[in-house]
Amino acid sequence: MITDPIFYFAAIPAVILVGISKGGFGGSIAILGVPLMALVISPIQAAGIMLPILILMDFIAVASYWGVFDRKVLWMTLPGALAGLGAGYLMATTVDESLVLLIIGVVAVAFTLDHWRKLYLSGKQPDRAGHSLTKGSVWGFVSGFTSFVAHAGGPPYQMYTIPLGLDKRIFAGTGVIFFFTMNVVKLVPYFLLGQFSPANLLTSAALLPVAVLATLLGVWLVKIVPQALFYRILYVVVLIVGVKLIYDGIAGLV
């Protein structure tokens, strides 16, 4: 178990951010959790510590949004996501993580800027997108792949789901089930890659109380924040995360 206080100065804010996101608020802001921990420990160890915490958060979130989700979104995205996880496992030792981060970051920033361009040029909200098996499968695959190799599955998933304009609680509940499914599936390959040492698991256990409170806070925020503001926050978060991914990708390539 990690006992260095400096680690917890980074780990506790990381768990709070991830928990709020796992509670359905802020979407892909969860992607900042592992990088925050990675300021003081290796990224691989940070991912190993975070995954059991993510599973607990997912259980709490699934219970909080029980029955509140869009089945069609899951049918459109989950098969591709599971295929993406498989591809990520097979390519874990060969793929250039920095290049993946850079590409996803550029797409996330372009996605947000294009939305704002349409919004401010027309003066009204862009029309809601309809469901598409092709788009859902592609973004699902990208989400699964990037979730495994770079812990960056949030932005691709949101690029399919945000334009649908779902009710905020349905949006949150659907995302909870999507990522819960992926995290459970990732348990086996992560175990095979040796990311669950006793020290990591004890450290995860020490952070669990923070994880529970943060996840419940995220559920509460979804309830009280108005629908329009909820989506405005999502677009801002996608932009911030996209810029962070671009930075990380460039830093890893140079």
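The values are calculated or read from the model by the stated rules, or taken from the named source; none is laboratory data. Predicted model, so just to flag it, every value in this text is computed and none were measured. Neighbour counts run over all protein chains shown; Cβ positions are idealised from the backbone, glycine included.
Residue check: Ile31 meets all listed conditions (1) crowded, with 24+ Cβ neighbours inside 10 Å; (2) at pLDDT 85 or above; (3) among the aliphatic types (A, V, I, L, M); (4) under 13 Å from the mean Cα position of the chain (by Cα) but one, namely (2).
In this structure, does Trp66 turn out to be over 17 Å from the mean Cα position of the chain (by Cα) and not in a helix (DSSP H, G or I)? Don't jump to the end; show me each part of the working.
Values: over 17 Å from the mean Cα position of the chain (by Cα): yes; not in a helix (DSSP H, G or I): yes.
So Trp66 passes the test.
With the condition kept exactly as written, say whether any residue in region 223-239 is part of a helix (DSSP H, G or I), in contact with a Lys or Arg (Cβ under 6 Å, 6 or more places away or on another chain) and either among the polar types (S, T, N, Q) or under 24 Å from Ile60 (Cβ atoms) (or both). The answer is yes; a qualifying residue exists. Six or more apart or on different chains, Cβ atoms under 8 Å: show the pairs whose first residue is in region 127-149 and closer than 14 Å to Gly86 by Cα and among the β-branched types (Val, Ile, Thr) and whose second is surrounded by fewer than 24 Cβ atoms within 10 Å (Cβ to Cβ) and modelled with pLDDT under 90. These pairs meet every condition: Thr146/Gly88; Thr146/Val100; Val149/Gly88; Val149/Met91; Val149/Ala92; Val149/Val95; Val149/Glu97; Val149/Val100. Against the definition (closer than 27 Å to Leu239 by Cβ, of a type outside the set (Asp, Glu), out of contact with any strand residue (DSSP E or B) (no Cβ under 9 Å at 6 or more places or on another chain) and not in a helix (DSSP H, G or I)), how does Gly136 come out, yes or no? When the stated conditions are applied, Gly136 does not pass them.
Residue count for region 1-59 satisfying the condition of being touching a Ser or Thr at 6+ places or on another chain (Cβ under 6 Å) and in a helix (DSSP H, G or I): 8. Would you call Val212 farther than 22 Å from Ala83 by Cβ, among the β-branched types (Val, Ile, Thr), assigned to a helix (DSSP H, G or I) and modelled with pLDDT under 90? Considered against the rule, which asks whether it is farther than 22 Å from Ala83 by Cβ, among the β-branched types (Val, Ile, Thr), assigned to a helix (DSSP H, G or I) and modelled with pLDDT under 90, Val212 comes out as no.
Out of curiosity, is Ile103 assigned to a helix (DSSP H, G or I) and either of a type in the set (S, T, N, Q) or in contact with a helix residue (DSSP H, G or I) (Cβ under 6 Å, 6 or more places away or on another chain) (or both)? No; evaluated as a whole, the condition is false for this residue.
Every condition in (1) closer than 19 Å to Leu208 by Cβ; (2) buried (at least 16 other Cβ atoms within 10 Å of the Cβ); (3) out of contact with any Asp or Glu (no Cβ under 9 Å at 6 or more places or on another chain); (4) touching a residue at least 60 places away in the same chain (Cβ under 8 Å) is met by Lys22 except one, and the failing one is (3).
The set of residues in region 150-181 that are closer than 19 Å to Gly130 by Cβ and not in a helix (DSSP H, G or I) comprises Gly165, Leu166, Asp167.
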